[in-house]
Every structure is written in C-alpha cells, then in structure tokens.
1. Return yes or no: is residue 355 under 21 Å from residue 294 (Cβ atoms), of a type outside the set (Ser, Thr, Tyr) and out of contact with any Cys (no Cβ under 9 Å at 6 or more places or on another chain)?
2. How about segment 215-308: which helices (runs of 4 or more DSSP H) wholly inside it have at least 2 residues that are within 16 Å of the ligand (Cβ to nearest atom)?
3. For residue 61, work out the one condition from (1) in a helix (DSSP H, G or I); (2) in contact (Cβ under 8 Å) with a residue 60 or more places away in the chain it doesn't fulfil.
4. What residue, among those in segment 179-193 that are under 14 Å from the mean Cα position of the chain (by Cα) and part of a strand (DSSP E or B), is nearest to the ligand (Cβ to nearest atom)?
5. Among the residues of segment 276-323, write down those that are at positive phi and over 24 Å from the mean Cα position of the chain (by Cα).
6. Report whether or not residue 214 is in the same structural domain as residue 370 (by TED's automatic domain parsing), within 20 Å of the chain's Cα centre (by Cα) and on the phi > 0 side of the Ramachandran plot.
7. Which residues, taken from segment 356-384, are β-branched (Val, Ile, Thr) and surrounded by fewer than 17 Cβ atoms within 10 Å (Cβ to Cβ)?
8. Identify, from the list 24, 29, the residue that is within 28 Å of the chain's Cα centre (by Cα) and either modelled with pLDDT under 95 or under 21 Å from residue 222 (Cα atoms) (or both).
Amino acid sequence: MQLKDMYFDTLAVRAGQENYDPVTGAIATPIYQTTNYAVANVDEGAARCVDLEAGYIYTRLWNPTQKALEEKVAALEGGEAALATGSGVAAITAFFTEVLKSGDHVVSDGTVYSATQYFFSEILPKFGVEVTFVDTSNPGNVEQAIRQNTRVIYFETPANPTIKLVDIAKVVEIAKGHGIMTAVDSTFASPYLQRPLSVGVDVVIHAATKYLGGHGDVQGGVVIGKKDLIMKIREGTLKNMGGIIDPFAAWLIIRGIKTLAIRMEKHCANAMAVARYLEAHPKVDRVYYPGLPSHPQHELAKRQMSGFGGMIAFEVKGGLEAGKTLLNSVRLCRLAVSLGDADTLIQHAASMTHVLVPREERLKAGITDGLIRLSVGIEDHRDIVADLEQAFKQVCC
Ligand SMILES: *Cc1c(COP(=O)(O)O)cnc(C)c1O
C-alpha cells in the first residue's frame, strides 16, 4: 500500500512526512530553523551548490520543512512537484517572472486578486510584457485575445467579486490548441474542491494564507506543476529574488493542511446554510453562491467542483448606507479583508477596500454599492445566521 494511491484525506494528513526525523522518530515534521547546513567536505559542498537535490546548503535555496510542505501540497493537487513561497503573491510573481521574457503577452481574467492586478498592469509592462484582461468565464473572449506571442493564460476560479467560475477544461482546450500554458489561482477552492491539473492545467497556484493554512495566522503561497518547471523556478527566480517561506510558516501550513478535508466540509455546509438564509431574506437583492441553483454557473460548479466552497457574495437592498450599517452591526462576523479562516469574515468593498476607487470604475468591475463578501467560517452556522439576523434588523428597509 503506497501513500500515493491513497485518498485525499489520508494524503492531507500523511503526505510529505514519510521520511520522519530519523534521529528521534518525530511524527510531526520538525521546524528546521536553520540558515546553514554543514557539508562533510568540499566535494559535497560543490555537489549541493550545483544540484539542490543533492542536499541542503542554505535555506534561501531549500529547507526541509519547506520541502515537507511542498510534497504534501503536490500530493493533494496530483502534481509532480510544488514550490512553497513566503506569500501567495510571491508564488504568483515567482512563476510569472520565471516563464516570461520581454515581448511576451499574457491573457488574464479582468478580475484577479488586487496585487496580481497591479503586477500585471504596473510591473510587467515595465519589462516589456503586455497583459490583456478579458472575462475568461466566456471562453470565446480568451480565444479572441490570444496573439502570436501569448505565453500564459491566467485566471482564478471561483473568483471575486461575484464568486464567478471559469470553465477550466474549456480554457485548457483553447490554450492547448495554440500551444499556450495555462495557470490557475485555485485559492478559493483549495485542492479539496477542485484539482485543475487533472483537466490539463499546467500550473496551479494557491495563497496558502487562506484555506491551506486555514487559521488566519500565517502567510504563504505554493506553485504546483511539472517537476522541471518547479525546479527552474526554485533555482531561478525564487533563489535569486528571495520570496522564500520561513520554516515556521511552512510548519504552520503543514499543520493547517492536516485538517483541510474536515474544515472544507464544514465551510461548504455552513456556506450553503447561510446562502439559503440570505436568499430568502427580504433585505437581500441577490446572493452569489455556486451551490445555489440561482447561480448562473451552478451546473458548471457541479461538474467542476466536488463542493461549492465557503465564499458567498450578496447584495444588500439600500446600497452603500445599508451595507455600512450591516457591517457596523455584526458582532460575531469579523470585518476583515481576507478569507479561508476558521473565523467568519465579512467585508463591504464599496466602503472598505474600494473606497478610493471612483464609483463608475468600481461598478464596471462588478462591485456594486451593496455588494458584501462573506468568508463563512467553521463556527456553528446557526450563530452566523443569528448574527446576520440581528445586524439586518439595524438596516432600515
Ligand atoms: C490572498 C490571495 C492572494 C495573495 O495571497 P497573499 O498570501 O496575501 O500574498 C492571491 N490570490 C488570491 C485569490 C487570494 O485570495
């Protein structure tokens, strides 16, 4: 019986730790809090400098705790190899900096994580890379945006602000037809709910800060793909640009992943209950949750994901003022921008994250005045609903 043939929940607990500490037999992966590794002689030193797989030499190049995390995540995504980084953004930038050169072109979805958006529109153009933004949930848009020099097609699914999905298999088919690489930020789903590599995606990226870590106490990222590419990123941009993960952060994410399966089950069940409650609420205009039959891509969600996730967006009636009042009235839900924590987090883009964005521009991005995002946690869903209920009472009709 080999670990690689086992089920997801087993891999989440056990993968990456088969070679437990041979000195003590420790079952939990040790935190290798060291910068340097002694070598026996100069030949061994030379071998490790030339080939990272020959042994550890310096923690910016590789670290055993980092490696354990990488093996675990690679197993969960069904990938050959993974690379762990110091944040989700570091994973995204390490990947793109490695594979792109001046003169290349990227097709990206128009709504990607804010820092990714900045990287694409402000940083890459400085180095001669152009990015075209389209709505990739319509695969025809992807086909149209492709150019001779397109190198990567990139999107998130599910994605902000309305928990939109992209048909992964369809986009892969288009990309393969043109010999272009696809990369997916799968953070909102986690490997528990969808595995893009299994339908032909080349690279999967996660902000491990979110569901993988799962407790809102650590920052990290991962890139999963073919071993050759992962080693190239490790030895190229990661090693030389330095976006590495700290051993303690890697350890916290390993610890988080052990409970990923049971946490995701609870996130999904809770989100479904809260989404149903919101959909029936007279002060709510619309609910966006892939698990509701009213979600325009509910059928795709059923095909592509094994559960509908913990992220909900909804529009409160009464726009900006109603949104502000609702957020200022919640007590259990925490006002915060992140997602994927055990704690339920709520945010109102128009009055919080996007307060400096001109209204017209914000509306064009689909962020309406009353749009609220909920990252449903793993508390008892009845308490989450009760909190929203008492907060809605403060919102005038
Ligand atoms: C949070 C997030 C990121 C960035 O992760 P950090 O750890 O904050 O750098 C990237 N993509 C998505 C979809 C995210 O939610």
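1. Criteria not met by residue 355.
2. 247-257, 260-279
3. Going through (1) in a helix (DSSP H, G or I); (2) in contact (Cβ under 8 Å) with a residue 60 or more places away in the chain one by one, residue 61 breaks only (1).
4. This residue is 185.
5. Selection gives 318, 319.
6. no
7. First pass over segment 356-384, keeping only residues β-branched (Val, Ile, Thr): 357, 367-368, 372, 376, 378, 384.
Answer for segment 356-384, where residues must be β-branched (Val, Ile, Thr) and surrounded by fewer than 17 Cβ atoms within 10 Å (Cβ to Cβ): just 357.
8. Numbers: 24 fails: within 28 Å of the chain's Cα centre (by Cα).
None of the other options fit; the residue is 29.
The values are calculated or read from the model by the stated rules, or taken from the named source; none is laboratory data. It should be emphasised that the depicted structure is a prediction, and the values quoted were computed from it without experimental measurement. Quick reminder, even Gly has a Cβ in these numbers, built from the backbone with ideal geometry, and neighbours come from all protein chains shown.
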